[in-house]
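Values in this text are rule-based calculations from the coordinates and carry no lab data. On a predicted model such as this, the values are computed, not experimentally measured, just so you know. Cβ coordinates were reconstructed from backbone atoms using ideal geometry, including for glycine residues, and neighbour counts include every protein chain displayed.
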Amino acid sequence: MTMGERIKKAREAKGYSQTELAHLLGYKSRSSINKIETQGRDIPRSSIVEFSKVLGVTPSYLMGWDEEDKKDNEPIDSNATILPQDNVHIVPIYESVSAGFGAYADDCVVGYMPLYIVNEEEAKNTMCIVVSGDSMYPKIENGDKIQVLRQDWAEDGQVVVALIDGENGVVKKIKYSDDKITLVSFNPEYQPREFVGAERDRIRILGIVKTVIKSL
């Protein structure tokens, strides 16, 4: 049985259509799943864990490994890293800061992404947001996804998602000094924004950026 056939079998056992599985894994359409199942399209090693988590099977099953038949002295592929399935969580992807931190309506979700997160409480408060604009270039580019941990505080120097005046959602590096908060862009073409004294109340921290996820 090929990996594609194993994926199809596991998908049908879960009662998912190809469209539903594509949505859960962040693929744009069912055609990608269909190609994997019927044409044997290769899956990157990093994606095998993602498939296994959603389908409720082990990576070993999808890869067709028979652990009982393996010899004790058989060399192990050093490039294959199998992560504990319990720590892989499917998190929503929002199209913008305002959508992500609003009412969390289902129609604001543009996809889902499996992420390896050890802390269960952190996993519950994690989301991904698609970044728009170039103010954080080159570290965060237009169209990149950022992994965000929702919390209302941040330490000096962290990259945060924040609201200015309750409306303008931004991704910036935050700096504290005396009676001032400064929001800094990585792109030198954008000047830092300073909020002194009572103006600091205009800033509301929504979360901190944990990881930048780039597409090839």
Fill in: Estimated vicinal HN-Hα couplings, Hz - region 167-178 in sequence order (Karplus 6.51, -1.76, 1.60; Gly, Pro = x)
10, 8, x, 9, 10, 8, 7, 9, 10, 10, 7, 6
Worksheet item: Cα centroid distance between region 1-30 and region 148-216, in Å?
Response: 39
Discussion item. As I understand it, the dipole of region 88-213 uses +1 on the Cβ of Lys and Arg and -1 on the Cβ of Asp and Glu, about the Cα centre. Which of Val170, Met136, Pro92 lies farthest toward its positive end?
Written reply: Met136
Practice prompt. Only Lys, Arg, Asp and Glu count, each charged at its Cβ (+1, +1, -1, -1), so figure out the dipole size of region 88-213 about its Cα centre, rounded to 20 debye.
Written response: 200
Discussion item. Compute, for region 3-67, the length of the dipole vector about the Cα centre, with Cβ point charges of +1 (Lys, Arg) and -1 (Asp, Glu) only. Units Debye, rounded to 20.
Written reply: 240
Discussion item. Loop only by DSSP, 13 or fewer other Cβ within 10 Å of the Cβ. Give me the chymotrypsin sites (Phe, Trp or Tyr not before Pro) in region 107-170 that pass, ordered by residue number.
Written reply: Trp153
Discussion item. Given R₀ = 25 Å, what would the calculated FRET efficiency be for Glu189 paired with Val110, taking r from the Cβ atoms and rounding to 0.05?
Written reply: 0.35
Worksheet entry | Net charge of neighbours whose Cβ lies under 15 Å from the Cβ of Arg193, counting Lys and Arg as +1 and Asp and Glu as -1 | +1
Fill in: Rg [Å, one decimal], Dmax [Å, integer] - region 88-213, C-alpha atoms
14.4, 43
Worksheet item: Are there GluC sites (Glu not before Pro) in region 168-216 that DSSP marks as loop and that have at most 15 other Cβ atoms within 10 Å, and which are they?
Response: Glu189
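State the extension gain, in nm to one decimal, for the chain segment bounded by Thr19 and Asp86, taking 0.36 nm per residue of separation less the distance between their alpha-carbons.
Working: separation 67, 0.36 × 67 = 24.12 nm, distance 2.46 nm.
Here the answer is 21.7 nm.
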Worksheet item: Could you name the lysines in cross-link range of Lys214, using Cα to Cα under 20 Å and dropping any fewer than eight places away on the same chain?
Response: Lys28, Lys139, Lys145, Lys172, Lys173
Item to complete: Find which of Ser52, Gln39, Gly64 sits farthest along the positive direction of the dipole of region 3-67, computed with +1 on the beta-carbon of Lys and Arg, -1 on that of Asp and Glu, about the Cα centre.
Response: Gln39
